[in-house]
1. G44 fails exactly one of the following numbered conditions: (1) part of a helix (DSSP H, G or I); (2) at pLDDT below 85; (3) of a type in the set (G, A, S). What is the number of that condition?
2. Is it the case, given these coordinates, that V8 is over 14 Å from the mean Cα position of the chain (by Cα), outside any loop (DSSP other than H, G, I, E, B) and at pLDDT 75 or above?
3. Does K37 fit the bill of being surrounded by fewer than 10 Cβ atoms within 10 Å (Cβ to Cβ) and in a helix (DSSP H, G or I)?
4. Kindly indicate whether V63 is surrounded by fewer than 10 Cβ atoms within 10 Å (Cβ to Cβ) and either modelled with pLDDT under 90 or assigned to a helix (DSSP H, G or I) (or both).
Amino acid sequence: MVKKLVSVIALTSLKVVPALAQGCAVCSKTAASLDYKGARGLNGGIIYLAFLPLGFMLSIGYVWWKANRKSA
């Protein structure tokens, strides 16, 4: 049951990704006009902003994995 739900969610999210992969016009123009140092700063900022949600998801996944491993 859980595997079926996970596969449905994964397939649904794969269909949505191309529509969400577009950047805003301001970000695209800003990134196009940056030099090397500015582009590295922009990429660093993106990584910094992505760290908290990714860390949160990884923590939940680890706790879930740990709980399922004990029950099996």
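The values are calculated or read from the model by the stated rules, or taken from the named source; none is laboratory data. Because the structure is a prediction, the values reported are computed rather than measured. Don't worry about glycine lacking a Cβ; one is built from the backbone with ideal geometry, like all the others, and counts go over all protein chains shown.
1. Result: G44 fails condition (2) only.
2. Working: over 14 Å from the mean Cα position of the chain (by Cα): yes; outside any loop (DSSP other than H, G, I, E, B): yes; at pLDDT 75 or above: no.
For V8, the condition - over 14 Å from the mean Cα position of the chain (by Cα), outside any loop (DSSP other than H, G, I, E, B) and at pLDDT 75 or above - is not met.
3. Working: surrounded by fewer than 10 Cβ atoms within 10 Å (Cβ to Cβ): yes; in a helix (DSSP H, G or I): yes.
Here the answer is yes, as K37 does meet what is asked.
4. On the way: surrounded by fewer than 10 Cβ atoms within 10 Å (Cβ to Cβ): no; either modelled with pLDDT under 90 or assigned to a helix (DSSP H, G or I) (or both): yes.
No: the conditions fail for V63.
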